[in-house]
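Enquirer: One structure, pasted below without further comment.
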Amino acid sequence: MVPVRSGLRPPPDRLRRRLNQALTPQRKVRLSINIRKEKPSDAQSIYDITVAAFLEAPHTDHTEQFIVKALRESGALSISIVAENEGNIVGHVALSPVTISDNEDSWYGLGPISVLPNNQNKGIGSKLMNAAIQELKSIKAKGCVLLGDPNYYHRFGFKPSEGLILPDVPTEYFQALSLQGEIPQGIVTYHESFSAKG
Ligand SMILES: CC(C)(COP(=O)(O)OP(=O)(O)OC[C@H]1O[C@@H](n2cnc3c(N)ncnc32)[C@H](O)[C@@H]1OP(=O)(O)O)[C@@H](O)C(=O)NCCC(=O)NCCS
C-alpha cells in the first residue's frame, strides 16, 4: 500500500482506469480473417453465431437464425458469406432476392449480418459488407437494400432513397445501394422466409 500524503488523494477508480489506458501502449490485435462463401457444413455454425450476435441487439424479435435457415432451405439464400478466424466462423452475411412493385428485377436484400459479440468492432462486419457488395457486382445485381442503422451502412454507400419503400419502417433506416442504373421506386418485399419463426 502506498502511503497517501496529506493533500494528495488517490484518484477515483474511473480516473485511474483512464490514466492506465492513456499510459499503456495499445496493442492492436491483428486478426487474420478469411472471407469465403458458405459450405454445407457451415449451417450450424452460422445458426449459432446469428443467435449470439442478435442476443443483445436492439429492435429484434430474435428470429434471424430462422430466417437464414428458411432462406437456405427454400433456395433463396442467393449469397451467403462467412468470416473465419483461425478456422472458426465468427461472422456471416446473407443476401436474398427482393421484389419491387415497379417490377424491377435483380435487386437483393442484405441481412441478417452477424458478427460474434466478442469479435465486433474489429472490422469483420466491414469485410463482410465489402465482400457482399463485390459478390453482388459479380452476379450483375442491379442493387441492394437493407434495414439498419444509417450510421453504420452509410460508409458502404447505402442511403435512404425517396420512393423506395419498405412499409412500416422509419424511412431513414431503409437504405439502398445502386450497382447499375437508377434506384427504382416502389414497395419492396423481402422473401417470405423473413416471416420464419422456427
Ligand atoms: C452490425 C455488425 C455486423 C457490425 O460488425 P462489426 O464487425 O462490429 O463492424 P466493424 O468492426 O466493421 O465496424 C465497427 C463500426 O461500426 C459501428 N457499428 C457497429 N454496429 C453498429 C450498429 N448496429 N449501428 C451503428 N453502428 C454500428 C461501430 O460503432 C464501429 O464504428 P467506428 O468504425 O466508427 O468505430 C455487428 O455489430 C453485429 O453483429 N451486431 C449485432 C447484429 C446486428 O445488429 N446486425 C445488423 C442488423 S441486420
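Enquirer: Taking the range 60-92 as the search range and keeping residues that are within 13 Å of the ligand (Cβ to nearest atom), touching a helix residue (DSSP H, G or I) at 6+ places or on another chain (Cβ under 9 Å) and part of a loop (DSSP other than H, G, I, E, B), which one is modelled with the lowest pLDDT?
Expert: Within the range 60-92, the match that is modelled with the lowest pLDDT is 60.
Enquirer: Could you say whether any residue in the range 107-122 is surrounded by fewer than 16 Cβ atoms within 10 Å (Cβ to Cβ) and on the phi > 0 side of the Ramachandran plot? Can you show your working first?
Expert: Pass one, the range 107-122, residues surrounded by fewer than 16 Cβ atoms within 10 Å (Cβ to Cβ): 117-118, 120-121.
Narrowing further to those that are on the phi > 0 side of the Ramachandran plot: 121.
Yes: the range 107-122 contains one or more residues that are surrounded by fewer than 16 Cβ atoms within 10 Å (Cβ to Cβ) and on the phi > 0 side of the Ramachandran plot.
Enquirer: Which residue out of 95, 146, 116, 128 is under 15 Å from residue 176 (Cβ atoms), at pLDDT 95 or above and near the ligand (Cβ under 9 Å from one of its atoms)? Break it down into steps so the answer makes sense when it comes.
Expert: Values: 95 fails: near the ligand (Cβ under 9 Å from one of its atoms); 116 fails: under 15 Å from residue 176 (Cβ atoms); 128 fails: under 15 Å from residue 176 (Cβ atoms).
Of the residues listed, the single one that is under 15 Å from residue 176 (Cβ atoms), at pLDDT 95 or above and near the ligand (Cβ under 9 Å from one of its atoms) is 146.
Enquirer: For the range 174-183, enumerate the residues that are over 13 Å from residue 108 (Cβ atoms) and not in a strand (DSSP E or B).
Expert: Passing the criteria: 181, 182, 183.
Enquirer: Here is a check on your reading of the model: is residue 52 touching a Pro at 6+ places or on another chain (Cβ under 9 Å) and either at positive phi or surrounded by 13 or more Cβ atoms within 10 Å (Cβ to Cβ) (or both)?
Expert: Values: touching a Pro at 6+ places or on another chain (Cβ under 9 Å): yes; either at positive phi or surrounded by 13 or more Cβ atoms within 10 Å (Cβ to Cβ) (or both): yes.
Yes: the conditions hold for residue 52.
Enquirer: A follow-up question, please. Select from the range 180-197 the residues that are on the phi < 0 side of the Ramachandran plot and of a type outside the set (S, T, N, Q) and list them in ascending order. Steps first, please.
Expert: Restricting attention to the range 180-197, the residues satisfying the condition of being on the phi < 0 side of the Ramachandran plot are 180, 182-185, 187-197.
Once the filter is applied, which keeps residues that are on the phi < 0 side of the Ramachandran plot and of a type outside the set (S, T, N, Q), the range 180-197 yields 182, 183, 184, 187, 188, 190, 191, 192, 194, 196, 197.
Enquirer: Report, by residue number, each residue of the range 134-143 that is surrounded by fewer than 20 Cβ atoms within 10 Å (Cβ to Cβ) and assigned to a helix (DSSP H, G or I).
Expert: Taking the range 134-143 as the starting set, the residues that turn out to be surrounded by fewer than 20 Cβ atoms within 10 Å (Cβ to Cβ) are 134-135, 137-140, 142.
If the condition is that a residue be surrounded by fewer than 20 Cβ atoms within 10 Å (Cβ to Cβ) and assigned to a helix (DSSP H, G or I), then 134, 135, 137, 138 are the ones that fit.
Enquirer: Still on this model: Can you give me the number of residues within the range 149-173 that are within 10 Å of the ligand (Cβ to nearest atom) and part of a loop (DSSP other than H, G, I, E, B)?
Expert: Final tally of qualifying residues: 1.
The values are calculated or read from the model by the stated rules, or taken from the named source; none is laboratory data. No experiment lies behind these values; they were computed from the predicted model shown. All Cβ positions, glycine included, derive from the backbone under ideal geometry; neighbour counts span all protein chains shown.
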